[in-house]
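All remarks here apply to the structure that follows.
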Amino acid sequence: QVQLVESGGGLLQAGGSLRLSCAASGRTFSSYCMGWFRQAPGKEREFVASIHWTGGRTYYADSVKGRFTISRDNAKNTVYLQMSSLKPEDTAVYYCAADTALSRLQSGLPNYWGQGTQVTVSS
């Protein structure tokens, strides 16, 4: 079992930066691929970024490529999402996700989800 707790969300102006954190419980964090998804009001949840359990491979949605960076610290059981040059369209609830299979994670069907953290970007 893995429990995920996100933090770091908030309200900020366009062009600003924010770092989200996701703390995971369990002793096998390093075996899990981790990812971030988001869901804006009235829209479906969408993939944002993912990182392989080795930390050596990262993947991003085209909409955030070059602006967001996903990273992990296996010693702290934590995955991060550094967001910069934020836009109003980045406004959403951001969810952390985990799965041992990267393909299942990126398909939006991971075994574990966090409760989400709100990010609101004003223009």
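Length, then width, then depth: along the principal axes, the Cα atoms of the range 73-123 run 38, 26, 18 Å. Our helix-only sum for the chain, with -39,500 (n - 2.57) per DSSP H run of n ≥ 4 divided by its residues, gives a mean residue ellipticity at 222 nm of -1000 deg cm²/dmol. With contacts taken as Cα pairs under 8 Å and at least 6 residues apart, the range 15-70 reaches a relative contact order of 24 percent. Per the Debye calculation on the range 54-100 with a single equal scatterer at every Cα and no solvent contribution, log₁₀ I(q)/I(0) for q = 0.27, 0.28 Å⁻¹ amounts to -1.25, -1.30. What part of the accessible area of the chain, given as a whole %, is carbon or sulfur when the probe is 1.4 angstrom? Summing carbon and sulfur atoms, their accessible area is 47 percent of the total for the chain. Extension gain for the segment His52 to Ala14, taken as residue separation times 0.36 nm less the Cα-Cα distance, is 10.7 nm to one decimal. When the GluC sites (Glu not before Pro) in the range 38-123 are filtered for DSSP coil states and for at most 11 other beta-carbon atoms within 10 Å of their beta-carbon, the remaining sites are Glu44. In the chain, the sites counted are trypsin sites (Lys or Arg not before Pro) in DSSP loop states with at most 12 other Cβ atoms within 10 Å, and the longest stretch holding none of them, exclusive of the sites, is 77-123.
Per residue, the average separation of C-alpha pairs within less than 8 Å and at least 6 apart gives the chain a relative contact order of 35 percent. Calculated on the Cα set of the chain, radius of gyration then Dmax: 13.3, 42 Å. All other residues whose Cβ lies under 12 angstrom from that of Val121 are scored, Lys and Arg at +1 and Asp and Glu at -1, for a net of +1.
The values are calculated or read from the model by the stated rules, or taken from the named source; none is laboratory data. Predicted model only: the values in this text are computed from it and were never measured. Cβ atoms come from the backbone with ideal geometry, glycine included; neighbour counts cover every protein chain shown. Note: areas computed on protein heavy atoms with side chains; ligands, DNA, RNA excluded. Shrake-Rupley method; radii C 1.70, N 1.55, O 1.52, S 1.80 Å.
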